[in-house]
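Peer 1: One structure coming up, written as structure tokens, with questions to follow.
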Amino acid sequence: MSLTEISERIGVSKGSLLGWMGAVPDRSARVQLARRDTAWHWDEEAEKTMKRAMNDQGELTRARELAHHYRWRAAKINPQYGDKTAVTNADGTGDLVINIQRFGKKAREGGDTDK
């Protein structure tokens, strides 16, 4: 349910609802957690939309656009949701390619590759 739907249902403006949600730090934190946890819902909506699309090219195009929007919405609600992953290596330098090359060189030379 959207914030607009909630505010209409309880008879207050969306601004009042947002003000109430942010007025108390504990409440605000719980609202953020609840919204973050709904990212899965938007991903499921994207999947259902694509599955419901008929063989009609126009319907499939529309479904793709909606699916893209739902996934975008999930990523905005929960920044940890999405397809980007940060990769770091054990020594913290962040240069994974160089460390792989060093590992390969040590292995070829018969050295200790655990370091």
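The values are calculated or read from the model by the stated rules, or taken from the named source; none is laboratory data. Everything numeric in this text was worked out from a predicted model, so none of it was measured. In this analysis, Cβ positions are derived from the backbone assuming ideal geometry, glycine residues included, and neighbour counts consider all displayed protein chains.
Peer 1: Taking the conditions exactly as written (at pLDDT below 80, surrounded by 11 or more Cβ atoms within 10 Å (Cβ to Cβ) and either part of a loop (DSSP other than H, G, I, E, B) or in contact with a helix residue (DSSP H, G or I) (Cβ under 8 Å, 6 or more places away or on another chain) (or both)), does G92 satisfy them or not?
Peer 2: Taking the combined requirement at face value, the residue does not satisfy it.
Peer 1: Another question, if that's okay. Taking the condition modelled with pLDDT of 80 or more, within 24 Å of the chain's Cα centre (by Cα) and either closer than 18 Å to A75 by Cβ or basic (K, R) (or both), does R9 pass?
Peer 2: So R9 does not fit the description; no.
Peer 1: May I pose another question? From the residues in segment 27-58 that are of a type in the set (D, E, K, R) and more than 19 Å from I77 (Cα to Cα), which one is surrounded by the most Cβ atoms within 10 Å (Cβ to Cβ)?
Peer 2: K48
Peer 1: Considering only segment 1-39, how many residues are assigned to a helix (DSSP H, G or I) and either touching a residue at least 40 places away in the same chain (Cβ under 8 Å) or aliphatic (A, V, I, L, M) (or both)?
Peer 2: Counting residues in segment 1-39 that are assigned to a helix (DSSP H, G or I) and either touching a residue at least 40 places away in the same chain (Cβ under 8 Å) or aliphatic (A, V, I, L, M) (or both) gives 15.
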